Amino acid sequence: MPDISAGRLDAADYGKNFSDVHPPLGAHEAVVESDRCYFCFDAPCTNACPTSIDIPMFIRKIGTGNVVGAAETIFSSNILGGMCARVCPTETLCEEACVRNLAEDKPVRIGLLQRYATDHYLDRHAAYGVRAPATGRKVAVVGAGPAGLACAHELALKGHEVTIFEARGKAGGLNEFGIAAYKATDDFAQREVDFILGVGGITVEAGKALGRDITLAGLKADFDAVFLGLGLQAVNALGVEGEETAGVVDAVRWIENLRQSPDKSEIEVGARVVVIGGGMTAVDAAIQAKKLGADDVTIAYRRGAAEMGASPYEQELAQVNGVRILHWVAPKAVVSEGNAVAAVDFERTALNEAGRLVGTGRMVRLAADQVMKAIGQTFVAGPIEDGETVALESGRIAVDEDMRTSLAGVWAGGDCVRGGEDLTVQAVDHGKRAALSIHATLSA
Amino acid sequence: MADLRTNFLGIKSPNPFWLASAPPTDKKYNVERAYRAGWGGVVWKTLGEDPAVVNVNGPRYGAIHAGDRRLAGLNNIELITDRPLELNLREITEVKKAWPDRALVVSLMVPCEEQNWNSIIARVEETGADGIELNFGCPHGMSERGMGSSVGQVPEYIEMVARWCKAATRMPVIVKLTPNITDIRYPARAAKRGGADAVSLINTINSIVAVDLDSFAPVPTIDGKGSHGGYCGPAVKPIALNMVAEIARDPETFGLPISGIGGIETWRDAAEYIALGCGTVQVCTAVMTYGFKIVEEMIDGLKQYMDGHGFSTIEDFRGLAVKNLSDWKYLNLNYIAKAKIDQDLCIKCGRCHIACEDTSHQAITHMVDGIRHFEVKDEECVGCNLCVNVCPVDGCITMEAMTPGSVDPRTGKVVPAQYANWTTHPNNPSAVAAE
């Protein structure tokens, strides 16, 4: 029988394992670290940030004891600066661009400084920003994830009235349901939602799904503009025999359960876990499986380390947490015993002379009590196919630079649009850009 | 290996590193620890007359910090020793006896009457101390009582007291100067006229180190009030070096022995003072920051430097920089330098660009062919050195002298080989025609 169970650890270990992966900086550490910033001209870190936070300025403010001002610099560019400080792959964004890498291979710890400033602010302020006089215009935002929240906040600042329709029971999107628990401890996603909504002028209608409870045509009729921040709804299938076997779970849903469970000891995890995929979800699932007490966790990915969607830093984090990463293997079949999973058969892969990924015929079997599928998510267009059609491109909503869709009065952003990179910070940028475009349109 | 032994006014010490008259030299316990750590000499914290002064019982020090809270400047409102004279004299006697190879100079400050000076000098004579230093420098507290810098600010008083002291003792007399004066040459000349064997400088600078923005009081704050203090530490070194240099090159005081004081933390700082003519250096703030052990680095670093330059004794390089001290008007206007950025060392922070762009001569690029790239535009560069100073990487930007005969792209003129200065420049209304 497969060994899948909850409560593998002593009660105390759950708290320890799911505490902050990067503990916040103390006041002394923050000042010492802020001294390392060179206050670069045309700062490469700022240029590397999708939301263009003036990083040298906020760090300088920390250094002068103006931590509130530092946070305001951050929030003026990125209202989700608190979550971004926790989940951004800074090692491939701002911190990769830091000139200290050239100087001594050690960037300024921008993410932790940003967290220091934003935590300081959230501990003292219920909201950021002052709303402009009411414009009397109404905007509908569909989806209360990072893109929708950023869009709504910016629109609210401009004096518009915003209604966010969220299919799930509460706001937050992937910040609430998706990312690893140890990256957003102490219910931070909800604290941030409250902080964003605190500015006023934003109503959240939870449990309202597009295509089920509301329609695009209806929103267009009732509101002056519509923003679609729908995210991705479907999980890619492995397309191999045995995929439906008990013990094969969808990593996204498994993480969601984990995130929503106040008691992590209730979450079932296998003794031997095989995670199939190479992105952030695979890493988040694998590390959390390990943290729940799995004995052996293997990430199996069909290509090499360089092609993984998870950054080198995230890969290393997985390895440091005891996760094995197996490269160049493609799943072929889920092997079952009785009615439950027993192993996964993989074929070794390689690049052929043309540079294409091919099977080599050599097989490898990984024994497993639990298999997690993390091979990507897909956009489901059904809900927006509603009389008028929003044009798609590469399976996602096509938008222009201002995040306008093909349909007049409808904007979109975040993972549901073409070019979305599954990054909170990029979704924030989309939402904000859309808001500025909506505002310009409504003001015209 | 280089020999660091020093003979200053006949006072011998194994190295030129002395501790200045200050809290670290207030008592036997500290001084013996310093000697054990390797310090070549000490100037015992200033003795006064009984009854001893009293210090404030709140904070005595304030500081300014550079990056990483490195102490850059220290300010104090402490007075001279607050221990009984008898106790200090006894300890001085004991220490000198136990440490005959180390320099032990005693700092003194008494009211400006000949009898007062004669009386305390007679008692110091009995201790076996090597010399005395007249404290005409402290700018706070004692100066309100007509001592310290209030004497040092009046050259006639300096001369008078120095003369009394010379007449009263066999010991060498060092006059410690205050920097709180317009032209340091005047008090130095006065000391020399009074017969002083040497000057030491600088004492601390009048300062308010900070203002507390909640209580609106100067720092350090004593029950809601503050008074100015004396400033010292790395931040004052440039001021002190200049004052030392002024005395070293003044025809009236040229050759007068100098003990250099002010912001010395490393062997390099010390070597700079020696290059300007100092026979010994005195340290205080650095040991108050890091403890006595730093003298190991100073001794070793100075030896390594001297070995590297072929100097076997301090005298081999003492004063070598004095001949290169010049007035601005004699600087060679035909010397033309351009900044050069080493692209291999450049980390692309852009500080050179923005400093030049915003505040100087718009002579450094930030983007070349769409790529972040910092390069000097020779046709705009006036060679000001600002980029060198703001660059975080030592040695990345250097100033390169143009070869005579080449054309300066900024002016389009050939760089002349001959020296020419302001005194003969055509733009100078008082120019003297070249012979």
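The values are calculated or read from the model by the stated rules, or taken from the named source; none is laboratory data. What you see is a predicted model, and the numbers here were worked out from it, not measured in a lab. Virtual Cβ from ideal backbone geometry, glycine too; neighbours counted across all protein chains shown.
Is at least one residue of segment A:268-279 within 16 Å of the chain's Cα centre (by Cα), outside any helix (DSSP H, G or I) and on the phi < 0 side of the Ramachandran plot? Yes, there is a match, as at least one residue in segment A:268-279 is within 16 Å of the chain's Cα centre (by Cα), outside any helix (DSSP H, G or I) and on the phi < 0 side of the Ramachandran plot. Of the residues contained in segment B:126-133, one or more are found to be touching a strand residue (DSSP E or B) at 6+ places or on another chain (Cβ under 7 Å), among the acidic types (Asp, Glu) and not in a helix (DSSP H, G or I). Of the candidates A:147, A:117, the single residue that is assigned to a helix (DSSP H, G or I), at pLDDT 95 or above and either among the acidic types (Asp, Glu) or under 17 Å from residue A:427 (Cβ atoms) (or both) is A:147.
Yes/no per residue for (1) over 20 Å from residue B:197 (Cβ atoms); (2) over 21 Å from the mean Cα position of the chain (by Cα):
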{"site": "B:20", "(1), (2)": "no, no"}
{"site": "B:49", "(1), (2)": "yes, yes"}
{"site": "B:55", "(1), (2)": "yes, yes"}
{"site": "B:58", "(1), (2)": "yes, yes"}
{"site": "B:70", "(1), (2)": "yes, no"}
{"site": "B:78", "(1), (2)": "yes, no"}
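Taken over segment A:65-79, the criterion of being more than 12 Å from every other protein chain (Cβ to nearest Cβ) and outside any helix (DSSP H, G or I) is satisfied by A:66, A:78, A:79.
Filtering B:90, B:83 for residues that are modelled with pLDDT of 95 or more and not in a loop (DSSP other than H, G, I, E, B) leaves a single hit, B:90.
Scanning segment B:349-383 for residues that are under 35 Å from the mean Cα position of the chain (by Cα) and within 18 Å of residue A:98 (Cβ to Cβ) yields B:349, B:350, B:351, B:352, B:353, B:354.
I'd like the residue in segment A:92-107 that is surrounded by 15 or more Cβ atoms within 10 Å (Cβ to Cβ) and part of a loop (DSSP other than H, G, I, E, B) and, out of all such residues, is farthest from the other protein chains (Cβ to nearest Cβ).
Narrowing segment A:92-107 to residues surrounded by 15 or more Cβ atoms within 10 Å (Cβ to Cβ): A:92-103, A:107.
Cutting the leftovers down to part of a loop (DSSP other than H, G, I, E, B) gives us A:93, A:98-99, A:107.
Working: A:93: 17, A:98: 9, A:99: 4, A:107: 11 Å.
Applying the filter and picking the extreme gives A:93.
Working only within segment A:33-64, note down all residues that are part of a loop (DSSP other than H, G, I, E, B), more than 9 Å from every other protein chain (Cβ to nearest Cβ), over 18 Å from residue A:425 (Cα atoms) and without any contact (Cβ under 8 Å) to a residue 24 or more places away in the chain. Result: A:64, single match.
Filter segment A:416-444 down to the residues that are in a helix (DSSP H, G or I), of a type in the set (D, E, K, R) and touching a residue at least 40 places away in the same chain (Cβ under 8 Å) and list them by number. Scanning segment A:416-444 gives A:429, A:432.
Return yes or no: is residue A:225 under 30 Å from residue A:385 (Cα atoms) and at pLDDT 95 or above?
Working: under 30 Å from residue A:385 (Cα atoms): yes; at pLDDT 95 or above: yes.
Against the criterion (under 30 Å from residue A:385 (Cα atoms) and at pLDDT 95 or above), residue A:225 qualifies.
Beta carbons closer than 6 Å, at least 6 apart along the sequence or on distinct chains, pair a first residue in segment A:292-321 that is in a strand (DSSP E or B) with a second that is among the small types (Gly, Ala, Ser) for A:297/A:286; A:297/A:289; A:299/A:282; A:299/A:286.
Restricting attention to segment A:328-338, does a residue exist that is farther than 27 Å from residue A:245 by Cα and in a loop (DSSP other than H, G, I, E, B)? Write out each step before concluding.
Initially, segment A:328-338 is screened for residues farther than 27 Å from residue A:245 by Cα, giving none.
Within segment A:328-338, none of the residues are farther than 27 Å from residue A:245 by Cα and in a loop (DSSP other than H, G, I, E, B).
Residues of segment A:155-213 that are more than 22 Å from residue A:380 (Cα to Cα) and of a type in the set (D, E, K, R): A:158, A:161, A:183, A:186, A:187, A:191, A:192, A:194.
Scanning segment B:207-245 for residues that are without any contact (Cβ under 8 Å) to a residue 40 or more places away in the chain and touching a helix residue (DSSP H, G or I) at 6+ places or on another chain (Cβ under 7 Å) turns up B:237, B:241. All of (1) closer than 23 Å to residue B:396 by Cα; (2) more than 14 Å from chain A (Cβ to nearest Cβ) hold for residue B:351 with one exception: (2). For residue A:30, the conditions (1) within 27 Å of the chain's Cα centre (by Cα); (2) surrounded by fewer than 18 Cβ atoms within 10 Å (Cβ to Cβ); (3) within 24 Å of residue A:187 (Cβ to Cβ); (4) within 14 Å of chain B (Cβ to nearest Cβ) all hold with the exception of (2).
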